[in-house]
1. Compute, for the stretch 24-153, the length of the dipole vector about the Cα centre, with Cβ point charges of +1 (Lys, Arg) and -1 (Asp, Glu) only. Units Debye, rounded to 20.
2. In what sequence, highest mean first, do 124-131, 22-29 appear when ranked by Cβ atoms within 10 angstrom?
3. Send over the Kirkwood Rh of the stretch 54-116, from the inverse of the averaged 1/r over different Cα pairs, rounded to one decimal Å.
4. Do you know the relative contact order of the stretch 8-97, to the nearest whole percent, from alpha carbon pairs under 8 angstrom that are 6+ apart?
5. Expressed in nm to one decimal, what extension gain is obtained for the pair residue 135 and residue 102 from 0.36 nm per residue of sequence separation less their Cα-Cα distance?
6. Given 20 °C and 1.002 mPa s, how large is the Stokes-Einstein diffusion coefficient of the stretch 7-150 in µm²/s, with Rh as the Kirkwood radius over Cα pairs?
7. May I ask you to give the solvent-accessible area per residue for the stretch 39-131, in square angstrom, as obtained with a 1.4 angstrom probe?
8. To the nearest 0.05, how large is the calculated FRET efficiency for residue 85 and residue 142 if R₀ is 45 Å and r is the Cβ-Cβ distance?
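The values are calculated or read from the model by the stated rules, or taken from the named source; none is laboratory data. Everything numeric here is computed off the predicted structure, so don't read it as measured data. Every residue, glycine among them, receives a Cβ derived from its backbone with ideal geometry; neighbour counts consider all protein chains shown. These accessible areas exclude ligands, DNA and RNA; they are computed on the full protein's heavy atoms, side chains included. Shrake-Rupley method; radii C 1.70, N 1.55, O 1.52, S 1.80 Å.
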Amino acid sequence: CKRNFNSNFDMDMQIIMNKAMQHAVASFPDIDFAFTNSDEITFVMMPKAIGYYNYSGRVQKLASLIASAVAVKFNELLHHDELALFDARVFQTDSNDQLLDALTWRQASCERNAISTYAREVMAQPQMNGLSSAKLEAKLIEMGLPPMPRDGFYYGFFITRKRPHLPIITAKGRISEIANVYLITQN
């Protein structure tokens with residue numbers, strides 16, 4: 001990313017990631033919810049009432065095809081000779097609470113990464129060592145910098161199609177609020 005974008009908070013990079021995420025959601029009807037922040041995307045597939053999934057629900061097949069779809073769209077939009085590659089990991093649960101915990105953990109990780117990235121823009125690593133995200137943010141404010149904006153770079157971007165009568169919804173905010181409204185309460 002650093003070779004292709006102006007900074008760690010490059011909106012062009014986030015736009016490309018958002019479009020790659022939207023492409024994957026549009027290409028795979030089994031995806032109910034997606035979350036992206038920086039160069040990572042989390043996709044959620046909820047259990048189907050009739051038990052049918054594309055590709056017979058083969059997890060490795062779906063994971064590899066979705067990662068491929070993201071990489072193809074990302075590279076198409078990037079227009080760069082060096083191709084980006086994306087990997088995939090799978091987490092399975094039958095519990096809405098575990099799902100919400102996993103998504104909340106992903107967002108908290110993204111929040112920590114956003115603050116650390118913001119701090120690295122103006123601080124040397126030794127100044128950052130041992131500081132929590134809250135202390136890093138407080139130190140940045142002490143240095144006269146504005147607080148980390150609570151926007152898509154901090155919270156990430158979300159997309160869902162769980163409500164069939166509405167178009168794909170894109171939002172940003174706390175994942176616990178978004179997931180409860182657009183994902184978990186729809187089952």
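1. Once rounded to the nearest 20, the dipole reads 180 debye.
2. Order by mean packing, descending: 22-29, 124-131.
3. 14.2 Å
4. Rounded, it is 27 percent for the stretch 8-97.
5. Gain in length upon complete extension: 9.4 nm.
6. Estimated via Stokes-Einstein, D reaches 123 µm²/s.
7. Ligands and nucleic acids excluded, the result is 65 Å² per residue.
8. Calculated transfer efficiency: 0.70.
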